[in-house]
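Notes for the one structure printed next.
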Amino acid sequence: MRRLIIAALTSLALAPWLHAAPMHGIAMHGEPALPADYRHFSYVNPDVKKGGKITYGVVGTFDNLNPFILKSMRTTARGMWDPQFGSMMFESLMTRSADEPFSLYGLLAETVEWDDARSFAQFNLNPKARWSDGQPVTPEDVIFTFELLRDKGRLPFNRRMESIARLEKIGDHGVRFTFNDKADRETPLIIAAYMPVLPKHAVDVERFDQSSLSPPVGSGPYRIKSVAPGERIVYVRDPDYWGKDIPSKVGFDNYDEIAVEYFLQENTLFEAFKKGEIDLYLDGNPGHWNRAYNFPAATSGAIVKDVFKPRLPTGMLGFVFNTRRPYFADARVREGLSLVFDFEWANRNLFENAYTRTQSYWQNSDLSYLGVPASPLEREMMGDIADRIDPAVLDGTYRMPVTDGSGRDRAVLKQAVDLLKQAGYSIKDGIMVDADGRQLAFEVMTQNADQEKLALAYQRSLRALGIALSVRTVDDSQFQSRTISFNFDMVMKSFTSSLSPGIEQVSRWGSQARDRQGSENYAGTADPDLDRLIANMLGARTAETFQAAVRSFDRMLISRHYFVPLYHLGQQWVARHRRIGRPETLPLYGYQLPTWWDARVQ
């Protein structure tokens, strides 16, 4: 027996690091930048005087206050669980710093523990955490939430339990997640930052997956004051909010009242902003930004135009090919059709040459393939996948062609025709047809006038090759319904890119997401190569291997031509009435609206 005890003790002494001391934060790679005794994030005004109000404006409608179910996925009132305006009602275990690639700090959970392999993560709840009805937030609430969303939630919430082998209460305040072989090193951060916690005692489980306008019980800094379905929702500060003094919330949630107004059209929203009915206008149109602010409030200085330059990758905006459609199954067809879009014509005629062509999903960052040949480490990680990547992409020299800006550049159109011929198409009597004589024809679904303009420009260029593109602009409700069910040929979408890409790539590109309604796999990809490259990303243990994994993934996405790449600005434009103040410090990820305030109360 003594020998067995000694052997066991020796085994423990020689084992890898089994358990970390409780930590105030966790980073995807390395350590969090802020120390345990940090007082606030660097990009807030910690001395801001809270009070006053703000009114946001959005285009669309809402008929639901539950953001976690499929039925009302796109029609939930803004502000409930909202990365842009702030999550007024619901909170996660930890919160992300906007000034680090991917680091989390305590929110509902005061500390976190894990082992070196991240085979488990234990979140220790802050004993002060309370629901808006005064009840404490408990480990039972956390366990209940994960099980409820597994059974009745929408993507991505209903898939979180797939990577969890066991979920258990530890002591009075701890919740331990033990992960299975589907998890990766990012899983503890996703669990902490991107899952809400719901109150077990205040949720009607039977009716949870039904739309509801009944104000829920939350742990967040606001309560619902009033609701006018489809028109307006108003939040009021909870004077008893439990977390107002914890470091990760200092300088946030600065208004006594927050309203979100809904509009049917963008121009109506802007008119309301001009009249002072809306406090902010988030602009993304160069022509509008340059020419629309000549009204009295703007020329007098009552309205301020802010230009922000975040230090982020560009992401990818473009027309997405739905490869579920047989005519988009061949990558040569997709590449040929991509070449036909004349960016130079569109940039000059529609956007005053304000944009830069996007060539990479992580352009303007060290994660992009642009100008960087695949390193030995990359090639080792890719293995035989490298043989299926365009050689020009592999050596970093690939670029979309620069046209003469005529809309019908003959040299570029010839390249497109050659690719389509390789895929079995030919031009007969001015019509691009397949081997059976059927014209190459498809529809692009758009949701507003700006998208329609781009689609019509694309239509003109395609017509020169005898390709029939129909443009259909639909209302927001139909657009969201058809997008969720993948009922489209082509649609314009934007994929944001961060400095810490991870599990969201599974929803965008993974085989398991192809047929899941509500996923972001708009392209309909189910490719073992992409799955392997995503796995490389998720399994990276060092910054060097992570960079190599993302670059190789970028190369594969570009080589497969799932998007017709469009453009990016590299800037964020916000017009605000001067009565709204903001911090001077801009974090890595750009402006953060929940840190702004009503300057009239200062």
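The values are calculated or read from the model by the stated rules, or taken from the named source; none is laboratory data. Nothing here was measured: the structure is a model prediction, and the numbers come from that model. Every residue, glycine among them, receives a Cβ derived from its backbone with ideal geometry; neighbour counts consider all protein chains shown.
Odds and ends about this structure:
- Tally, over the stretch 340-359, of residues that are modelled with pLDDT of 95 or more and among the hydroxyl-bearing types (S, T, Y): 1
- G405 vs. criteria among the small types (G, A, S), outside any helix (DSSP H, G or I) and either in contact with a helix residue (DSSP H, G or I) (Cβ under 7 Å, 6 or more places away or on another chain) or surrounded by 16 or more Cβ atoms within 10 Å (Cβ to Cβ) (or both): yes
- Every residue from the stretch 347-394 that is of a type outside the set (A, V, I, L, M, F, W, C), surrounded by 15 or more Cβ atoms within 10 Å (Cβ to Cβ) and without any contact (Cβ under 8 Å) to a residue 40 or more places away in the chain: R379
- F90 in contact with a Lys or Arg (Cβ under 7 Å, 6 or more places away or on another chain), part of a loop (DSSP other than H, G, I, E, B), surrounded by 17 or more Cβ atoms within 10 Å (Cβ to Cβ) and modelled with pLDDT of 95 or more: no
- P594 being buried (at least 19 other Cβ atoms within 10 Å of the Cβ) and part of a loop (DSSP other than H, G, I, E, B): no
- For the residues R576, R541, R555, the requirement of being part of a loop (DSSP other than H, G, I, E, B), of a type in the set (K, R) and more than 30 Å from G153 (Cβ to Cβ) singles out R541.
- Looking only at the stretch 165-205, residues that are in contact (Cβ under 8 Å) with a residue 60 or more places away in the chain and exposed (fewer than 14 other Cβ atoms within 10 Å of the Cβ) come to 1 in all.
- Within the stretch 522-549, tally of residues that are charged (D, E, K, R) and either modelled with pLDDT of 95 or more or under 19 Å from T397 (Cβ atoms) (or both): 4
- Looking across the stretch 93-114 at every residue that is surrounded by fewer than 23 Cβ atoms within 10 Å (Cβ to Cβ) and among the aromatic types (F, W, Y), the one that is farthest from V142 (Cα to Cα) is identified as F102.
- Residue count for the stretch 284-337, restricted to those that are assigned to a loop (DSSP other than H, G, I, E, B) and in contact with a His (Cβ under 9 Å, 6 or more places away or on another chain): 3
- Checked against (1) within 21 Å of S368 (Cα to Cα); (2) of a type in the set (D, E, K, R); (3) touching a Phe, Trp or Tyr at 6+ places or on another chain (Cβ under 8 Å), D529 meets all criteria but (3).
- Subset of the stretch 244-263 (residues that are out of contact with any Ser or Thr (no Cβ under 8 Å at 6 or more places or on another chain) and assigned to a loop (DSSP other than H, G, I, E, B)): K244, D245, I246, V250, D253, Y255, D256
- Being charged (D, E, K, R), touching a Leu at 6+ places or on another chain (Cβ under 8 Å), closer than 16 Å to H561 by Cα and modelled with pLDDT of 95 or more is a property that does not hold for R388.
- So S552, is it at pLDDT 95 or above and under 16 Å from E380 (Cα atoms): yes
- Considering the stretch 174-227, the residues that are under 25 Å from the mean Cα position of the chain (by Cα), of a type in the set (G, A, S) and assigned to a loop (DSSP other than H, G, I, E, B) include one that is nearest to F546 (Cα to Cα), namely A183.
- Criterion applied to P296, P215 was being surrounded by 14 or more Cβ atoms within 10 Å (Cβ to Cβ) and out of contact with any helix residue (DSSP H, G or I) (no Cβ under 8 Å at 6 or more places or on another chain), and the one residue passing it is P215.
- Enumerated strands (runs of 3 or more DSSP E) restricted to the stretch 422-519, each holding at least 1 residues that are without any contact (Cβ under 8 Å) to a residue 12 or more places away in the chain and among the small types (G, A, S): 426-428
- Residue match in the stretch 580-591 (condition: within 22 Å of G284 (Cβ to Cβ) and assigned to a strand (DSSP E or B)): yes
- Residues within the stretch 130-157 that are in a loop (DSSP other than H, G, I, E, B), surrounded by 22 or more Cβ atoms within 10 Å (Cβ to Cβ) and either under 27 Å from the mean Cα position of the chain (by Cα) or small (G, A, S) (or both), tallied: 3
- The condition (being modelled with pLDDT of 95 or more and under 27 Å from R74 (Cβ atoms)) is satisfied by just one residue among A302, A292, A272: A272.
- All conditions but one from (1) acidic (D, E); (2) surrounded by 19 or more Cβ atoms within 10 Å (Cβ to Cβ); (3) more than 20 Å from the chain's Cα centre (by Cα) apply to D554; the one that does not is (3).
- Checking each residue in the stretch 219-240 for being closer than 26 Å to F263 by Cα and among the hydroxyl-bearing types (S, T, Y) picks out Y222, S226, Y235.
- First in the stretch 231-253 and surrounded by fewer than 22 Cβ atoms within 10 Å (Cβ to Cβ), second anywhere and at pLDDT below 95, Cβ under 9 Å, 6 or more apart: E231/T61; E231/F62
- The stretch 34-54 - residue that is of a type in the set (S, T, Y) and touching a helix residue (DSSP H, G or I) at 6+ places or on another chain (Cβ under 9 Å) and, of those, nearest to G230 (Cα to Cα): Y43
- Residues located in the stretch 44-87, provided they are of a type outside the set (K, R) and not in a loop (DSSP other than H, G, I, E, B): I54, T55, Y56, G57, V58, V59, N64, T76
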